[in-house]
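The values are calculated or read from the model by the stated rules, or taken from the named source; none is laboratory data. Being a predicted model, the structure only gives us computed values, none of them experimental. Here Cβ is always computed from backbone atoms with ideal geometry, including for glycine, and neighbour counts include all displayed protein chains. Just the protein is used for accessible areas: all its heavy atoms, side chains included, with ligands, DNA and RNA removed. Shrake-Rupley method; radii C 1.70, N 1.55, O 1.52, S 1.80 Å.
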Amino acid sequence: LLVTLAVLSVIGRRPAVPGANDNLSGVAALVCVARALQRDPVSGLRVVLLSAGAEEALQEGIRGFARRHFPDLGPDTCFVNLESVGSGRLALLEGEGPVLMRDYPEPFRRFVAECARDIGVPLLRGLRSRNSTDSEVPRRHGYPVATIVSLDHDKLITHYHLDSDVPDNVDLDSVVSAAELAEAVIRRLARERPAP
């Protein structure tokens, strides 16, 4: 706990970095999904594309969304979190937690992995993160969550919280693959859920 507090103290005193991979890459992937759904809409499924912001400030963006909207969400709601998806290799996190590791629900993780396989997007499995993402808030509220990140050959997020986190260092193919995977999840959910 003391180490975590010390690290947070150091992070809190550092200036902001450009944030191209963390997490403008996730926003770019969302824009790609929005365009794909605009060109070819799905029916029978409500899709919310949310860029909550303030994840680095203890998830204040997703917490605000939760306070305002979680009471109105149906029990079949699920979340796909695109977090720093411009590092090269996509990975599906199994769980997260800075202090206590908590896994995401397995059925939805398996569903997302099947979608990746179906469209030919390689997806690394078996990894957990000591970082906390926006996924933790819906997970605590009981929603199925899948967190998709991307990693380099050392299984690290490239340029993480560094001044070098600029657009020239983002792997755009990785961002496109993340968007394609999110779209595939949406389209399969729309096909497989019973009609309203």
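Nothing charged except the Cβ atoms of Lys and Arg (+1) and of Asp and Glu (-1): what's the magnitude of the dipole of the chain about its Cα centre? Round to the nearest 20 debye.
Computed about the Cα centre, the dipole is about 580 debye.
Please list, in chain and number order, the residues 5+ apart from N81 or on another chain whose amide H is under 5 Å from its amide H, with Hs placed from the backbone.
It is A146, T147, I148, by chain and number.
For a quick check: with amide H placed at 1.01 Å from N, whose amide H comes under 5 Å from V47's, ignoring anything fewer than 5 positions away on the same chain?
none
Where only protein heavy atoms count, and the probe is 1.4 Å, what is the accessible area per residue for the chain in Å²?
The answer is 56 Å² per residue.
Using a 1.4 Å probe on the protein heavy atoms only, what accessible surface does L156 show? Give it in Å² to the nearest 10.
About 100 Å², ignoring ligands and nucleic acids.
With θ taken as phi - 60° and the coefficients 6.51, -1.76 and 1.60, list the Karplus ³J(HN,Hα) couplings across the stretch 123-131 in order, rounded to whole Hz; mark glycine and proline as x.
The phi angles translate into 9, 6, 10, x, 10, 10, 10, 7, 7 Hz.
Taking a ≥ b ≥ c as the square roots of the eigenvalues of the Cα gyration tensor of the stretch 82-170, is the shape rounded (a/c under 1.5), prolate (a/b larger than b/c) or oblate?
Because a/c hits 1.5 or more and a/b fails to exceed b/c, the stretch 82-170 counts as oblate.
For a distance above 23 Å, tell me the whole-number percent of Cα pairs in the chain that qualify.
Looking at the chain, the distances longer than 23 Å represent 43 percent of pairs.
Count neighbours as other Cβ atoms within 10 Å of each site's Cβ, and list the trypsin sites (Lys or Arg not before Pro) in the stretch 102-196 that are DSSP loop with at most 14 such neighbours.
The qualifying sites are R130, K155.
Excluding S43 itself, calculate the net charge of residues whose Cβ lies under 14 Å from the Cβ of S43, where each Lys or Arg counts +1 and each Asp or Glu counts -1.
In short, +3.
So who's got an amide H within less than 5 Å of the one on R128, skipping anything under 5 residues away but keeping other chains? H placed 1.01 Å off N, in plane.
Residues meeting the amide H criterion: E94.
Each residue of the stretch 106-121 in order: what ³J(HN,Hα) in whole Hz does its phi give by Karplus 6.51 cos²θ - 1.76 cosθ + 1.60, θ = phi - 60°, with x for Gly and Pro?
So the Karplus estimates, Gly and Pro as x, are 5, x, 6, 4, 4, 4, 5, 5, 5, 4, 4, 4, 4, 9, x, 9 Hz.
Report, in deg cm²/dmol and to the nearest 500, the calculated mean residue ellipticity at 222 nm for the chain, where each DSSP H run with n ≥ 4 adds -39500 (n - 2.57) and the sum is divided by the residue count.
That calculation yields -12500 deg cm²/dmol at 222 nm.
Taking the chain as the reference, fit the longest principal axis to its C-alpha atoms, fit the long axis of helix 2-13 to the helix C-alpha atoms, and give the angle between the two in degrees, 0 to 90, nearest 10.
Roughly 90 degrees, rounded to the nearest 10.
With the Cα gyration tensor of the stretch 122-179 giving a ≥ b ≥ c as the square roots of its eigenvalues, does the rule (a/c under 1.5 for rounded; else a/b larger than b/c for prolate; else oblate) give rounded, prolate or oblate?
prolate
Which whole-Hz ³J(HN,Hα) couplings does the stretch 161-168 yield from phi under the Karplus relation 6.51 cos²θ - 1.76 cosθ + 1.60, θ = phi - 60°, glycine and proline marked x?
Per-residue couplings from phi come out as 6, 10, 4, 7, 7, 10, x, 4 Hz.
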